[in-house]
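Presented below is the structure to which this report refers.
The values are calculated or read from the model by the stated rules, or taken from the named source; none is laboratory data. Worth saying up front: this structure is predicted, and the values here are computed from it rather than measured. For neighbour counting, all protein chains shown are included, and Cβ atoms are generated from backbone atoms with ideal geometry for every residue, glycine included.
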Amino acid sequence: MSVMATLWEHRDFQGFSKTSNSGNFRYFWNRWGATNDVFSSMRAWSLGHRGNAYAFEHINFDGRFAALNVGGAFTSSWWSYFGDSFNDKVSSSLIVARESQANEIEVPLRQQVASRFIALFDAQTAGTKLSRRGDPRVYGTFFPGYDISKVFATIDQDLTVQLDNWPDYDANVKYDIEFFLVNGRLRGVCQWSHVWVESGIFSGTVHDRIAPGLHGARGQLTAAIQAQLDLFGSRVFRSVYLLPGPIPDMNQFGFFANHTDDVILVVVR
Amino acid sequence: MAANNDQIEPKHELLAYEDSHVKYGPATAKLDTERRLLAEMRLPYSAERLIDASFAAESSQRTQDDAQEAADRLQIGAGAFIAGGDVLGSPAEANEVIEELKRSCAAKGESKELDDLVNLWIRAEPWLDDREIADLWPDFAAKLPGEPERINRSRGADAQGEGARAQGGGH
């Protein structure tokens, strides 16, 4: 019971190939070190599980991606050619073995999380020299180098810091949210915060001014997330996981998307 | 505020670094602007400050796990950084696996559990050349779910946004 996927060097499943199988795991991931930017076609099989296979443009499961859906309308799906704009682009890949459709609830996070974050952030920074630049991006972060065994939903917000009689500074804050079950009940915790300030004469000073508040907001974010998850009430679940990008239509063989398009929370009854 | 750099005394500390900044790395547009402003304001700054200014400031913090919650979390993933093809210990071991794969692929019916056969393929594949893969793949694929005769063909469905030449399908 697993999902298998193969990537080939050339179109129409020719040339050398690399095969992966989810085995007994929810996810199986590959970072294509020596063989990145060479793949042209891909095929996935359901070996008893529904599932999705993703081939990403960048090495950290980010950028544009090609996806295949199996175990829904199709036992096996393929891209016999990724197309000219995605040919020789793949640098990482991910297989997700899923449960039956009847047992899963899919929740797109981008819209809900972004609007809640904007309200919280703007309330906290009103009247200060720190402000948002555009809306937050919300996407999946899979097995990052700083926490290699984890999968997160990331809120990524560009910022502007105003200084008196001096040019503004660009900054950025990212929050990594981990979803997990405790005694079957869904929990969400803001696990990591990352603050960045562009280089400049006052880079360190600006960082030291804004970082404590931005890092300290993890607690408020966790409380806000947990309040949202209370919608699930006291229901008990068997598993929880994340999918990159938009909800896959399992009646279609596959799709192209970008990792910043969305991230899907899947809870398993 | 001073009008321009020409009005700054040649002995000013700032100018001591004006010609040597390259050795600290290429200045960003922002840093150039800030250096100009400092010069206009006749404010000196040190070489150490200039080096620091060439780097972004960053920090990360992690929430302390609740011990019991951490113990309850599920193991959800596995994977590999694929830096090369050497997933087996030795050529002798590779030959053994390749021969087992050949026997399994050639066997009629389902002589091996599907997951075992897939794992055998994954172990052997990096050691196979293109011709061996081409020879073995049809027999291997015939044991997978789906219609094996269609593996080397596409339904030619249009891709979504990746250009008209992208092709994919499923069954």
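Restricting attention to region A:160-184, the residues that are in a strand (DSSP E or B), closer than 24 Å to A:Ser203 by Cα and not β-branched (Val, Ile, Thr) total 12.
Looking only at region A:196-217, count every residue that is surrounded by 22 or more Cβ atoms within 10 Å (Cβ to Cβ) and assigned to a strand (DSSP E or B) and tell me the total. Of the residues in that region, 1 qualify. Which one is nearest to A:Ala153 (Cα to Cα) among residues in region A:221-269 that are surrounded by fewer than 18 Cβ atoms within 10 Å (Cβ to Cβ) and charged (D, E, K, R)? Among those residues, the one meeting the criterion is A:Asp261. Within the span defined as region A:169-177, every residue fails to be at pLDDT 95 or above and away from chain B (no Cβ under 14 Å). Among the residues of region A:209-224, which ones are free of Cβ contacts under 8 Å to residues at least 60 places away in the same chain and touching a strand residue (DSSP E or B) at 6+ places or on another chain (Cβ under 6 Å)? Answer for region A:209-224, where residues must be free of Cβ contacts under 8 Å to residues at least 60 places away in the same chain and touching a strand residue (DSSP E or B) at 6+ places or on another chain (Cβ under 6 Å): A:Ala211, A:Leu214, A:His215, A:Arg218, A:Thr222. Residue check: is A:Phe180 aromatic (Phe, Trp, Tyr) and facing chain B (nearest Cβ under 9 Å)? Criteria met by A:Phe180. Could you please let me know if B:Glu162 is in a helix (DSSP H, G or I), at pLDDT below 85 and of a type outside the set (Val, Ile, Thr)? Criteria not met by B:Glu162. Any residue in region A:222-234 that is touching a His at 6+ places or on another chain (Cβ under 7 Å), within 11 Å of another protein chain (Cβ to nearest Cβ) and either over 23 Å from A:Ala73 (Cβ atoms) or in a loop (DSSP other than H, G, I, E, B) (or both)? There is no residue in region A:222-234 that is touching a His at 6+ places or on another chain (Cβ under 7 Å), within 11 Å of another protein chain (Cβ to nearest Cβ) and either over 23 Å from A:Ala73 (Cβ atoms) or in a loop (DSSP other than H, G, I, E, B) (or both). Hey, does region A:95-112 have a residue that's surrounded by fewer than 22 Cβ atoms within 10 Å (Cβ to Cβ), β-branched (Val, Ile, Thr) and under 19 Å from A:Ile225 (Cβ atoms)? Looking for residues that are surrounded by fewer than 22 Cβ atoms within 10 Å (Cβ to Cβ), β-branched (Val, Ile, Thr) and under 19 Å from A:Ile225 (Cβ atoms), one finds at least one in region A:95-112, hence yes.
Taken as a whole, the structure leaves A:Ser22 outside the set of residues that are closer than 18 Å to B:Trp137 by Cα, within 9 Å of chain B (Cβ to nearest Cβ) and among the hydroxyl-bearing types (Ser, Thr, Tyr). Could you tell me which residue of region A:146-161 is surrounded by the most Cβ atoms within 10 Å (Cβ to Cβ), considering only residues that are in contact (Cβ under 8 Å) with a residue 12 or more places away in the chain and farther than 19 Å from A:His215 by Cα? Among residues in region A:146-161 that are in contact (Cβ under 8 Å) with a residue 12 or more places away in the chain and farther than 19 Å from A:His215 by Cα, the one surrounded by the most Cβ atoms within 10 Å (Cβ to Cβ) is A:Val151.
Selection of region B:46-83 for residues being facing another protein chain (nearest Cβ under 7 Å), in a loop (DSSP other than H, G, I, E, B), modelled with pLDDT of 65 or more and more than 25 Å from the chain's Cα centre (by Cα) yields B:Ser54, B:Thr63. Taking (1) in a loop (DSSP other than H, G, I, E, B); (2) at pLDDT 65 or above in turn, B:Leu31 satisfies each apart from (1). One residue is enough: does region A:248-256 have a residue meeting the conditions closer than 30 Å to A:Ser41 by Cα, part of a loop (DSSP other than H, G, I, E, B) and of a type in the set (Gly, Ala, Ser)? Looking for residues that are closer than 30 Å to A:Ser41 by Cα, part of a loop (DSSP other than H, G, I, E, B) and of a type in the set (Gly, Ala, Ser), one finds none in region A:248-256, hence no.
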